[in-house]
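Please treat every number below as a calculation from the coordinates, not as lab data. For clarity, every value in this text was computed on a predicted model and none was experimentally measured. No Cβ is skipped: glycine too gets one built from the backbone with ideal geometry, and neighbour counts run over all protein chains shown.
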Amino acid sequence: MLYYIAVISITLDQYTKHLVRGSIEYGEIVMIHPVLRDIFDLTYTTNTGAAFGMFQSGGRVFAAVASVVIMAIMYFNLTLFGEQIWLRTALGLQMGGAVGNLIDRIRFGMVTDFLHLHYWPIFNVADSCITVGVVMLAVFMLREVRSERSGSSAQERV
């Protein structure tokens, strides 16, 4: 499950970045629809640093960190018992996003960004996958903690 989600994420990320690099000029802003003019557009830019353009000179460091994260996710996946569909999906999204941006760093020395919510820095599909995966993992972990607490409360009453 994890690898299927990762492959889908990587494919979608790389395909959309390819489309942007091939059809939009660097710095160009493409309005999707007049109704969305003040909310969302496509703006082709690149990023050599971390999320939101931080640490612009750290491309190699981020490539190394992404490689370690990918290996850690692969190892953790081997330690999971049973299906655990939501957990594997969250990890697959994170892994796919990390690989998608790592491919850009290796191929181009920078990451292609193009999704522009006007109240948020410009990002890409890989960034979205990582973010959704992290939120899913956090929700999963909170549910586990609550489940353990309610289980221990019930045991204390017995």
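Odds and ends about this structure:
- The residue that is surrounded by the most Cβ atoms within 10 Å (Cβ to Cβ), counting only those in region 23-44 that are acidic (Asp, Glu) and outside any strand (DSSP E or B), is 28.
- Reported count of residues in region 9-19, each being touching a residue at least 60 places away in the same chain (Cβ under 8 Å), of a type in the set (A, V, I, L, M, F, W, C) and more than 16 Å from residue 77 (Cβ to Cβ), is 1.
- Residue in region 86-94 that is within 15 Å of the chain's Cα centre (by Cα) and of a type in the set (Ser, Thr, Tyr) present: yes
- For region 53-74, the criterion of being in a helix (DSSP H, G or I), of a type in the set (A, V, I, L, M, F, W, C) and farther than 30 Å from residue 139 by Cα is satisfied by no residue at all.
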